[in-house]
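Notes to accompany the following structure.
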Amino acid sequence: MSAVEVPAPAEGRVRHAPYWAVLTLLCLGQLMVVLDVSIVNVALPAIRQDLGFSEAGLAWVVNGYTLAYSGFLLFGGRAADLFGRRRLFVIGLVVFTAASLVGALAQDQTTLVVARIVQGIGGAILSPATLTILTTTFPEGPQRAKAMGAWSAVAGGGAAIGSVLGGVLTDLINWRWILLVNIPLGVIGLIAAYLLLQESHGNLKTRKLDVTGSVLVTAGLVALVYGTINSAPYGWGAPQTLVPFLAGLVLLAWFVLHEAKIAQAPVVPLRLFKVRSITVANLVMFCVGVAVIAHFFFLSLYMQNVLGFGPLAAGLAFLPGAATMTIGAYSGPVLLKRFGPRPLLVAGPLITTVGLVWLSFIPVHGSYPAHLLVPMALVTLGAGVAMMPLGMAATSGVAREEAGLASGLINTTRQVGGSIGLAVLATVAADRAQALAGTGADAAVVSGYRAAFLVGAVFALAAALTSLALPKPKQPA
């Protein structure tokens, strides 16, 4: 298998592009997006010192990106189907790369936070385009399974790789390089997109975008995630939390009503959720996002604030986890062929559950080899095993014209799960630490981390149990 055919319906031509080249380009785009969710975590102390951030303001270097990314993903996925997959891939890459440059050159707090927000919007356009092009380029079967395995390895391992790369760049050069590294990657991606990708659209009856639905779902997700983020500093009962959270729920309920009763060309046709594999896959992805994405944040804090690791040491400490996640994802095609998706979607989250429960026993005076290495590897291995079957379950059987929507939906579920999960678990950790404030600073903080890991384990277990509802295919993919 050396080449794939990339159809160009509008022009009536077929372009032959090397298999490895198309796949490498799509994985590069996805890697850039996923890296920037976690690459800043290890660099936060250096950013605070350089630009004079307060603790509350510093959180928005992370939250600004995740808020915009999760809010605009569904819009990005639908826009790719309507206006062209290559066009949206290029637009997303340009926006993401330009915002990275602005953020890297930022001399004040506002510029950096705004750049991170624009980065998130660019990522929300780019990410679903990568998966959409993959699912519409490679036919179901061995070709798509191999391509999905590679893409899943990048999507799953990117968070761990981001933590490693962030520590290395911050310690050896400067924190600004965590953003500057996107510039050469973006330029290479743009050149490759024009050389390798042919434009394609969904075969839709109308190319009109449901503006009302797009506004409602984007505003609803942003308000929901924003309210959840505010729960960490203000608590769940504060107006700063309740008002946006409830507003988000109202907007999302209005969105569902609009899509079901009013929209002629809905952003999310609700009939998609009648397909049990799509519904189950998105529920599982949400729980996995809550459990796994947040654990990188708490491990970074534990290693730097409690164990005294520097940025480089903390970044390198994530390297074994990145390796096991990549191994788990790359083993997907072989395991999927042998067992089918449901056993993998049960086993993966169960492995992650074991790792998170293990982490919930970390001591105040712990050591990396004895208390972190193995459970960290288990958490990411389980996530890697689950990534490919999740992607397959969420997109297989979807009509070609709705591939972008399905891709955007599963990405949205993962990111919203990660954003909400981080905010909820941060609140759990803070409440636990405050309750034990009299036991000593480190002891109280570590107790909060333990509670967060344990709640994450509950979500991972919920993902495993939910996977049992996935319909069993007639034969393995």
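Could you grab me the full set of residues in the range 1-60 that are modelled with pLDDT of 60 or more, charged (D, E, K, R) and either in contact with a His (Cβ under 7 Å, 6 or more places away or on another chain) or surrounded by 17 or more Cβ atoms within 10 Å (Cβ to Cβ) (or both)?
D36, R48
Of A129, A115, A145, which residue is under 18 Å from L51 (Cα atoms) and under 21 Å from the mean Cα position of the chain (by Cα)?
After applying the criteria, what remains is A115.
Quick one: would you say N203 is at pLDDT 80 or above and not in a helix (DSSP H, G or I)?
Answer is no for this residue.
Looking at the range 92-117 only, could you name the residues that are farther than 13 Å from I47 by Cα, among the small types (G, A, S) and crowded, with 19+ Cβ neighbours inside 10 Å?
G92, A99, S100, A115
Could you list, in sequence order, all residues of the range 229-246 that are over 24 Å from the mean Cα position of the chain (by Cα), surrounded by 14 or more Cβ atoms within 10 Å (Cβ to Cβ) and in a helix (DSSP H, G or I)?
Scanning the range 229-246 gives Y234, Q240, L242, V243.
Given the criteria touching a residue at least 60 places away in the same chain (Cβ under 8 Å), touching a Phe, Trp or Tyr at 6+ places or on another chain (Cβ under 8 Å) and among the hydroxyl-bearing types (S, T, Y), does T130 qualify?
Taking the combined requirement at face value, the residue satisfies it.
If you take the residues in the range 206-239 that are under 16 Å from L73 (Cβ atoms) and touching an Asp or Glu at 6+ places or on another chain (Cβ under 9 Å), which one is modelled with the highest pLDDT?
L216
Can you tell me which of (1) surrounded by fewer than 20 Cβ atoms within 10 Å (Cβ to Cβ); (2) among the aromatic types (F, W, Y); (3) within 26 Å of L390 (Cα to Cα) is the one F89 doesn't meet?
The number of the failed condition is (1).
Keeping to the range 356-376, report how many residues are closer than 18 Å to L307 by Cβ and surrounded by 20 or more Cβ atoms within 10 Å (Cβ to Cβ).
Of the residues in that region, 5 qualify.
Of A317, A329, which residue is touching a helix residue (DSSP H, G or I) at 6+ places or on another chain (Cβ under 7 Å), among the aliphatic types (A, V, I, L, M) and within 22 Å of R144 (Cα to Cα)? Steps first, please.
Values: A317 fails: within 22 Å of R144 (Cα to Cα).
Just a single option satisfies the conditions, and that option is A329.
Residues checked against (1) closer than 30 Å to L307 by Cα; (2) among the aromatic types (F, W, Y); (3) modelled with pLDDT under 75:
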residue	(1), (2), (3)
L378	yes, no, no
R400	no, no, yes
A403	no, no, yes
G417	yes, no, no
V428	yes, no, no
D442	yes, no, no
Y449	yes, yes, no
F459	yes, yes, no
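Taking the condition polar (S, T, N, Q), within 30 Å of L372 (Cα to Cα) and more than 22 Å from the chain's Cα centre (by Cα), does N282 pass?
Values: polar (S, T, N, Q): yes; within 30 Å of L372 (Cα to Cα): yes; more than 22 Å from the chain's Cα centre (by Cα): no.
It is false that N282 is polar (S, T, N, Q), within 30 Å of L372 (Cα to Cα) and more than 22 Å from the chain's Cα centre (by Cα).
The values are calculated or read from the model by the stated rules, or taken from the named source; none is laboratory data. None of these values were measured; they are calculated from a predicted model. Here Cβ is always computed from backbone atoms with ideal geometry, including for glycine, and neighbour counts include all displayed protein chains.
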